[in-house]
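A short write-up of the structure that comes next.
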Amino acid sequence: MNIHEYQAKELFTKFGVATPPGKVASTAEEAGQIAAELGGAGLVVKAQIHAGGRGKGTFKNGFKGGVHVINTTAEAQEIAGKMLGQTLVTHQTGPEGKLVSKVLVVKSVDISKEYYFAILFDRGSSSHALIASTEGGMNIEEVAEKTPEKIIKEFVNPAIGLQAYQARKVAAELGLTGALANQAVKLFSALWNLYLKSDCSLVEVNPLAITTDNQVVALDAKFNFDDNALYRQKDVVAMRDTSEEDPREVAASEFGLNYIGLDGNIACLVNGAGLAMSTMDIIKLHGGEPANFLDVGGGATKEQVTAAFKIILGDPNVKGILVNIFGGIMDCNIIANGIIAAAQEVSLNIPLVVRLEGNNVEAGKKTLADSGLAITSADGLTDAATKIVAAVGKA
Amino acid sequence: MAILIDTDTKILVQGITGDFGSRHAKASLDYGTQLVAGVTPGKGGQTFEHGSHKVPVFDTVSQAAKETGATVSVIFVPPPFAADAILEGVDAGLDLVVAITEGIPVNDMIKVKAAMKGSKTRLIGPNCPGLVTPGHGEKSHGGCRIGIAPGYIHKRGNVGVVSRSGTLTYEAVWQLTTRGYGQSTCVGIGGDPVNGTNHLDVLKLFNEDPETEAIIMIGEIGGNAEVEAGLWAKDNCKKPIAAFIAGATAPPGRRMGHAGAIIGGADDTAAAKKRILAECGISVADSPADMAAALLKIWKK
């Protein structure tokens, strides 16, 4: 899950990570009050949506830019008024844009130098790593590719956590000395606490800035959280904004289904993540385009299949459905009955190809054939993919 | 032979009285697996009954191992307690701990892995279907089934299977069995980014196992475990290998069900992995329907 910029700022403040002062507002008046509290001048008003490219975006009411520098409280109020309740379109939102319901009012800072700093879960070493670079504000993947010598990497022993000397070492390698190095060490340590205690898998500060008045501050941040740990991160879960997510994915998650929407027209419903990915692949291999990834888990009960059909059919692009279940331990006949009941409940009227394999599969296929519904039964993966692509027509 | 487990391996189940654990403990007993003990804290002294089977339940793994001679544990406990359960199995000195549990926080697994350094115990999983060494009876009855895989789809034979995914493993096994080829051992290493055993570890075991003549390796997008295994196999593996990589159509940056199935860069896409594996002399299947066929192209010709 992602969080808003103002929520990242609140996390910074809570864990003592130095960042320019600012507050979030839901109304224009509130934005004006916050601007007054912050001194009225040298401030920035920023529209709060998850997508990037806000500064260059345009509101549907014609107002240009989701990020504005302002110098009076009246101006703060006026600009916030033009953003709030309006839809902002950026290169990342798609043409439909995103509704802005909050703005961040924050003190602007004069930057003398920018750095990159991140703490992340490193898969290769099964541990945590600090990544830093003097090339702040840049795309870090590009820096790593073109000038790998400019990437500083420091691994953290998970048994003892980040040690102070490691933070000092990174600061020194960035070329920081004296008071600036001390500030950086303090910021790195605070960020480590935030990362660990919030079960993050990534906290990226880009840029980490040194201001003209010699303060080390975190300006922009990106957070990733470990989904598996959300059960013990109530404060993190409270920051979730479902209006920023694909509504189909939100609905699926309520039924314990794993759904990811794609651009194609053949929907699939599969048990198991590996088989679900493979089903998408085989649809494509036979000339079709998958409309989604959907893993119903081990069970594939009538309730789950019904919920899955409803979510799939909510996508207007879908012209056919491929159900691929390797029954294993579950009785295929029970699964077949579940599919029939679900198809009846949602009054399915597009081609449905079902491939069942496993326990009691013959009875399952007979049940499908005798249902009187327009269900095509398939033998094996290739047959299933060929049949659904033929039914829908090649993309 | 076979790897890691064989038909006489004695196993214990951590979380045997839970819904998930008890269902699969029963299926393993029905398959003829030597399931000799259960562990549920606070329920020591009870008996887990299924048909004519009476399995003693213990409070701790140490007690269960000591009393019954179990050397392998399978874990079905919920995510908040799973890290502790794994370390309890390690502490009891078991040979193998298999964690089926899905959804263990990454931070917990990082700590478990660090704490296991230097121990004699091997961990398989978490978030995995477990292992099967098929038996010699009808529908492979009498085998050692650890975890959640359907036993009857197997057949004892000479192909080793290693995979990150459950149902995709069953798919490969079924393709082999229906063509008349059996399996030595099938190992599901799990779909999490931090796991105890990777593709390379299992390839090395298959390479040393006299019963295993050929290998199917199933991977997916994310990480570099398959590539690492392929590069090793190129110079070191004496046996033919076929591979399939799931996720050719997966969008970058999205987690495809498995916590570890996420494209992070240019190197961990399905296309990149398949290309490197093919360069390593591995027979790569483009379709999940052709996993056994890809192996038979280079084996038993």
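Listing for the model above:
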| read-out | value |
| --- | --- |
| Residue, nearest to A:LEU174 (Cα to Cα), within region A:126-143, restricted to residues that are modelled with pLDDT of 90 or more and within 14 Å of chain B (Cβ to nearest Cβ) | A:ILE131 |
| Condition met for B:ALA270 (touching a residue at least 40 places away in the same chain (Cβ under 8 Å), closer than 30 Å to A:ALA252 by Cβ and not polar (S, T, N, Q)) | yes |
| Single match in B:GLY196, B:GLY182 (criterion: within 14 Å of another protein chain (Cβ to nearest Cβ) and at pLDDT 95 or above) | B:GLY196 |
| Out of A:ILE334, A:ILE311, A:ILE339, sole residue that is more than 14 Å from every other protein chain (Cβ to nearest Cβ) and in contact (Cβ under 8 Å) with a residue 60 or more places away in the chain | A:ILE311 |
| Some residue of region B:2-16 being on the phi < 0 side of the Ramachandran plot, within 14 Å of another protein chain (Cβ to nearest Cβ), surrounded by 15 or more Cβ atoms within 10 Å (Cβ to Cβ) and within 17 Å of the chain's Cα centre (by Cα) | no |
| Residue within region B:65-73 that is buried (at least 18 other Cβ atoms within 10 Å of the Cβ) and more than 20 Å from the chain's Cα centre (by Cα) present | yes |
| Boolean, A:TYR259 is in a strand (DSSP E or B) and either under 30 Å from A:ALA390 (Cβ atoms) or in contact (Cβ under 8 Å) with a residue 60 or more places away in the chain (or both) | yes |
| Residue that is surrounded by the most Cβ atoms within 10 Å (Cβ to Cβ) [pool: residues in region A:108-146 that are in contact with a Gly (Cβ under 9 Å, 6 or more places away or on another chain) and without any contact (Cβ under 8 Å) to a residue 24 or more places away in the chain] | A:ARG123 |
| Single condition A:VAL205 does not satisfy, out of (1) within 23 Å of B:ALA259 (Cβ to Cβ); (2) more than 10 Å from chain B (Cβ to nearest Cβ) | (1) |
| Criterion (among the small types (Gly, Ala, Ser) and in contact with a helix residue (DSSP H, G or I) (Cβ under 9 Å, 6 or more places away or on another chain)) met by exactly one of A:SER133, A:SER108 | A:SER133 |
| Members of region A:212-262 that are within 14 Å of another protein chain (Cβ to nearest Cβ) and of a type in the set (S, T, N, Q) | A:ASN224, A:ASN228, A:GLN233, A:SER253, A:ASN258 |
| Residue in region A:277-294 that is surrounded by fewer than 24 Cβ atoms within 10 Å (Cβ to Cβ), over 25 Å from A:GLN344 (Cα atoms) and more than 9 Å from every other protein chain (Cβ to nearest Cβ) present | yes |
| Test: residue in region A:155-164 that is away from chain B (no Cβ under 12 Å) and outside any helix (DSSP H, G or I) | yes |
| Subset tally (residues that are within 13 Å of chain A (Cβ to nearest Cβ) and hydrophobic (A, V, I, L, M, F, W, C)) for region B:149-160 | 2 |
| Residue in region B:168-178 that is facing another protein chain (nearest Cβ under 9 Å), under 14 Å from the mean Cα position of the chain (by Cα), buried (at least 24 other Cβ atoms within 10 Å of the Cβ) and of a type outside the set (Ser, Thr, Tyr) present | yes |
| Selection count, region B:227-237, where residues are closer than 12 Å to B:LYS274 by Cα and within 13 Å of chain A (Cβ to nearest Cβ) | 1 |
| Wholly within region B:144-232, strands (runs of 3 or more DSSP E) carrying at least 3 residues that are more than 23 Å from B:GLN34 (Cα to Cα) | B:214-220 |
| Residue that is farthest from A:ASN224 (Cα to Cα) [pool: residues in region B:99-123 that are in contact with a helix residue (DSSP H, G or I) (Cβ under 9 Å, 6 or more places away or on another chain) and among the β-branched types (Val, Ile, Thr)] | B:THR121 |
| Residue among B:ILE241, B:ILE215, B:ILE245 that alone is within 10 Å of chain A (Cβ to nearest Cβ) and touching a residue at least 24 places away in the same chain (Cβ under 8 Å) | B:ILE245 |
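The values are calculated or read from the model by the stated rules, or taken from the named source; none is laboratory data. In this text, all values refer to a predicted model and were calculated from it rather than measured experimentally. Positions of Cβ are generated from backbone atoms using ideal geometry, with glycine treated the same way; all protein chains shown enter the neighbour counts.
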